[in-house]
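Comments concern the structure below.
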């Protein structure tokens, strides 16, 4: 069995992504994160490795990378996934932890697979409190991609 890397990337450090990152940092995981308005200082003080570009995200994580996306559902998800995919490598995993429509997730999976990027649709239950103290995840996607993303956590 492959040992967990204990690191992951996160794009979107708001209420959900930020609280999941806080929980991971408290458990000794390495979290590399990016957010539009800049990471809160308390997260950086807790150990978050803040990056300002998706290229930097690639450089700061070891392959195969797992990058979790926590932004509101909609067209922005497609744009950010495309931008991330341009900066990642074959075999890396992108995880959409938002509340995206399942049909969009199927379409995104197909599009990213053509680029060699694995995709997981990760429903996150428990709200902000769950994100901070123990969320429940419902993963959809290829079993290999799910296994690769879970080894990072």
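The values are calculated or read from the model by the stated rules, or taken from the named source; none is laboratory data. Here the structure is a predicted model, which means the values were calculated and not measured. A quick note on method: Cβ atoms are made from the backbone with ideal geometry, for glycine too, and the neighbour counts reach across all protein chains shown.
So that you can scan it fast, the table gives a plain yes or no per residue for (1) at positive phi; (2) modelled with pLDDT under 90; (3) in contact with a helix residue (DSSP H, G or I) (Cβ under 6 Å, 6 or more places away or on another chain):
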{"residue": "83", "(1), (2), (3)": "no, no, yes"}
{"residue": "93", "(1), (2), (3)": "no, no, yes"}
{"residue": "107", "(1), (2), (3)": "no, no, no"}
{"residue": "121", "(1), (2), (3)": "no, yes, yes"}
{"residue": "144", "(1), (2), (3)": "no, yes, no"}
{"residue": "152", "(1), (2), (3)": "no, yes, no"}
Exception for residue 47 within (1) farther than 20 Å from residue 147 by Cα; (2) touching a helix residue (DSSP H, G or I) at 6+ places or on another chain (Cβ under 7 Å); (3) modelled with pLDDT under 95 falls at (3)
Those residues of the range 4-38 which are surrounded by fewer than 20 Cβ atoms within 10 Å (Cβ to Cβ), free of Cβ contacts under 8 Å to residues at least 60 places away in the same chain and not in a strand (DSSP E or B) amount to 14, 25, 26, 27, 28, 36, 37, 38
Those residues of the range 40-99 which are part of a strand (DSSP E or B) and buried (at least 21 other Cβ atoms within 10 Å of the Cβ) amount to 66, 67, 68, 69, 93, 94, 95, 96
Selection over the range 123-142 where residues are at pLDDT 70 or above and part of a loop (DSSP other than H, G, I, E, B) yields a count of 1
Residue 102 vs (1) modelled with pLDDT of 90 or more; (2) over 24 Å from residue 23 (Cβ atoms); (3) touching a strand residue (DSSP E or B) at 6+ places or on another chain (Cβ under 9 Å): all pass except (1)
Residue 120: passes all of (1) in a helix (DSSP H, G or I); (2) in contact with a strand residue (DSSP E or B) (Cβ under 8 Å, 6 or more places away or on another chain) but (1)
